[in-house]
Every structure is written in structure tokens, then in C-alpha cells.
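For reference, the structure discussed in these notes is given below.
The values are calculated or read from the model by the stated rules, or taken from the named source; none is laboratory data. The structure presented is a predicted model; accordingly, all values stated were derived computationally and were not measured. Methodologically, a virtual Cβ is constructed for each residue, glycine included, from the backbone with ideal geometry; neighbour enumeration extends over all protein chains shown. These area figures cover heavy atoms from the full protein model, side chains too; ligands, DNA and RNA do not enter into them. Shrake-Rupley method; radii C 1.70, N 1.55, O 1.52, S 1.80 Å.
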Amino acid sequence: MPRDGTPRGRGRCVQAITCWFAVCTAACSPAVGETVAFSPPTSTARSDGTVRLSRQSQPYVVTQKVTLGAAAPVVLAPARIAFRDGAVSQVNMPITGRITAIHVKTGDRVKAGDALVTISSPDAAAARAQLATAIAEHDAAVQEVARQDAMGTSGVGVDSERVAAKARLAQTDAELARAQTTVAILGGGGGSTVVLRAPIEGTVISRHTTVGAVAQPGGDPLIEIGNPTSLWVVAEVFERELAQVRDNAAVDVELSTRVAPVPGHVVSVGSALTGALRTASVYISLDAAADDVRAGMFARAAIKAPTASSIVLPAEAVLIEDGKTYVVYVKTGEDLFVARKVQIGPSIEGRVQILNGLVEGESVVTKGALLIDGTAEQLL
């Protein structure tokens, strides 16, 4: 290469420098499509069990103080709308007979005492005839006792006849009470006609008979009446979750007919498990009137933790170590953290209830816990 200052010599020097820069740039730059990995500095475990978080990782870690009083859902359970106890009445056949008239149809509103079904029954005629006979015999027995008492007062009575008259009166009393009870069961009407009437106010929810049918006691109910204003929610809660349900716990009831959930509270928890799924019924009362709620509708109940007695954290705050141990990292210093074993409830909608292991007022890591312990797994 010429060492003089001619243009040819200067051109060769520029080419040499350009080649050297291109080689260095190619060696230092990533290949096309290659991703540059970034690993923040790892945390340092100390001999006292705490972990020191590096300064570079601190901006990515978020902490919050533990507080009580969160009312987050702890149990999600399928549910249905049902009539309360005593809100459904079944009208059954009191005596064998033939249906001659039906005065209501399904969906009708009725008041207590309204006529529902008319029946023709020879047995009803016989029962009413027996009542008339019992009344007549009782009246005769009363008069005979009065006559015997009057004769005894006059001194002409016979003791044995007076005793027999009183025994006959007691017998007719029993016969009259039996006949009155039988006729009372038949309801309204006269002769062979029996009119069945509504025992409660409500809506006819089913009708199981037709005109001309012959029915007898012990069969299916003729009419079912339910009170639409007396409803509650029955949630089926799994056995393992029952311990987290408390009386008066707040509940959000989700219905397909509502955009927002309907508030309610737990009235009682069933004492027995039913079915192969091992569930117990939890009865929930709605706190607000809901005209669009109907018996038989399906729902979902989100039962919440009791107010002022639970700790609820984001699910990402809980780490899983060794596949079985749940831990939350508690802040103990400016950049120091310590793992705390906790017992948790189910994770619902990104929130998890801490049953024990934490104390109110402690600062815990709610975001970025994996930067402290990269070997653990995060609860989802």
C-alpha cells in the first residue's frame, strides 16, 4: 500500500477501516429474528431466611398492607329459585268422586277461599246424612238427660236410668264430633257436591285434573298454589367449601334476566349432604324485591366472606413451592422480604382468601413475587 498522500493511498485506508467496522458490527449485533433476552439481576438469599431484592428489580415489585374487612366472594355455587317453606299448598282429593267443574287454570291469581274444583261424590252425601243423624241423636240425648235430672230433683227418678242417659249423651257427643270433622274436611257444598277452595293466596302453578275424571284420596294433587312473593335462592355448595359459608354472609345472586347481581344474604345452611356430588343446600334470602324472579329459574350464587373478618389478596400474590406449599412474601425492610406459609381458600375472579398465616398491618408482595423467588410457581 502506498504510504504517500496521493488520493489512491487515502482511498485504500478508508476501505480498510470500513471493512474492520463492518466485521465488528456483525459480530456484536444479533442475527435477524433473534430475540434479545433480558434477565433482571437475581435476588440474594440471606442466612437469616430473608431475601434481598436487587435495586434493578425493585420498581417491578408492588406491596400492600394487609387489611381486614374485604367482602370478596369465597364460594361460587350453582343455584335455583324456589318457594320458601309453607309457600306452596297442594289441594288434594278429600273423598272419592267425579270432577264436575274446574274454576281455575295455571297462572291464575287466587285468594284464600276462592273456589278451585267442584266434585260430585255419593260418599259426601252419606257423610252429610250421618252428620244430620248425629245432630238429631245428640239433641235427643241432651233432652233425655235433662228429663232424668228433673225427675231426680222431684224424687221420682231412677238412678240407673239417669246414668244410662248420661252415657248415651257422651256417646252421641263422640259421634257428632266425628261426623262434623268428616264434613269439615269435605269443604263447602251440600248433598253430594263438594267444592274445594284455595287454602292460601297465590298463583296456580299446576293443574293435574280434567272435568269428568274420577279421583280418590291419596292420588296426585289436583291443584298446586304457590305464593310468588315468598321465594328464596337455594345454592348447592360442595362439602369442601361448606366451612367457608356463614349465616348472614352477603351474597351476590347472578340471574340471566339481570345485568347486575341481586344482593342477598345466607339464611341457613343445610345440615345434611345430598346426592352423589356431596353438596349441601344453602338457603339465601334476597334483600330487594325482584318482580322478574320466578320459581324454577337457575342462578349462580357468589357467597362472600364475613365482613371485617377476612383477608383477601390478588391471586398472583400467592406462590406455590414444591407443588404443595403456599407462601406469600412479607416485606421486613427496605429491600428485604421473607416467605410466609399461608392457608388459602379458593381463587375466585383473580382474588383469593387467606385463611391464616398473615396478620393485619403487614406489607405483602402483591405483584412481582416471582422476581423474589424465581423457582416457585404462581397461583392462577
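For Gln58 and Ser347, a Förster radius of 25 Å and the Cβ-Cβ distance give a FRET efficiency of 0.40, rounded to the nearest 0.05.
Charge tally around Ala213: other residues with Cβ under 12 Å, Lys/Arg +1 each, Asp/Glu -1 each, net +1.
Here's the picture: charge each Lys and Arg Cβ at +1 and each Asp and Glu Cβ at -1 in the chain, and of Ala179, Leu370, Thr100 the one pushed furthest to the positive end of that dipole is Leu370.
Note on region 309-367: with charges restricted to the Cβ of Lys and Arg (+1) and Asp and Glu (-1), its dipole about the Cα centre is near 140 debye.
Modelled this way, with points 7 Å down the Cα-to-C-beta line, the labels at Thr229 and Ser160 are 6.7 nm from one another. The value given for region 114-222 is a Kirkwood hydrodynamic radius of 17.0 Å, derived from the mean inverse Cα-Cα separation. Would you mind checking the tilt of helix 122-154 against the longest principal axis of the Cα atoms of the chain, expressed as 0 to 90 degrees and rounded to 10? With rounding to tens, the tilt is 50 degrees. A simple charge model with +1 on the Cβ of Lys and Arg, -1 on the Cβ of Asp and Glu and nothing else charged puts the dipole of the chain at about 1720 debye relative to its Cα centre. Taking the Cα centre of region 276-380 as origin and assigning +1 to Lys and Arg Cβ atoms and -1 to Asp and Glu Cβ atoms, the resulting dipole is close to 380 debye. Considering only Ala140, Gly113, Ser285, and ranking their Cα positions along the charge dipole of the chain that arises from unit charges at the beta-carbon of Lys, Arg, Asp and Glu, the one farthest toward the positive end is Ser285.
Step through the table entries Lys324/Lys367; Lys65/Lys331; Lys304/Lys324, compare each Cα-Cα distance with 18 Å, and write down the pairs that go over it. Checking Cα-Cα distances, Lys324/Lys367; Lys304/Lys324 exceed 18 Å.
Computed over the Cα atoms of region 195-290, what is the ratio Rg over Rh, Rh following Kirkwood? Here Rg/Rh amounts to 1.11.
Helix 159-186: angle to the longest alpha-carbon principal axis of the chain, degrees 0 to 90, nearest 10? Long axis of 159-186 versus the principal axis of the chain: about 40 degrees. Straight-distance candidates among the lysines for linking to Lys166, with alpha-carbon spacing under 26 Å and chain neighbours fewer than 8 residues away dropped, are absent.
Extension gain, Thr133 to Asp247: 0.36 nm times the residue separation minus the Cα-Cα distance gives 35.3 nm. Evaluating kT/(6 pi eta Rh) at 20 °C and 1.002 mPa s, with the Kirkwood radius of region 85-126 over Cα pairs in the Stokes-Einstein relation, gives 176 µm² s⁻¹.
Average accessible surface for the chain: 57 Å² per residue, computed with a 1.4 Å probe over protein heavy atoms with every protein chain in place. Within region 286-377, none of the chymotrypsin sites (Phe, Trp or Tyr not before Pro) combine a DSSP coil assignment with at most 14 other C-beta atoms in a 10 angstrom radius. Summarising the label geometry, the points placed 7 Å from Cα in the beta-carbon direction at Glu321 and Gln90 lie 5.9 nm from one another. In the set (i) 22.0; (ii) 29.8; (iii) 20.5, which value of Kirkwood radius over Cα pairs in Å was calculated from the structure you see? Matching the structure shown: (ii). With R₀ fixed at 25 Å, the C-beta to C-beta distance from Lys105 to Gln216 puts the FRET efficiency at about 0.60. The GluC sites (Glu not before Pro) of region 297-380 that meet both conditions, a loop assignment by DSSP and at most 12 other Cβ atoms within 10 Å of the site Cβ, are Glu334, Glu349, Glu360. With a Cα-only, solvent-free Debye model of region 59-123, what are the log10 I(q)/I(0) values at q = 0.14, 0.16, 0.23, 0.28 Å⁻¹? Ignoring solvent entirely, the Cα scatterers give -0.72, -0.83, -1.17, -1.32.
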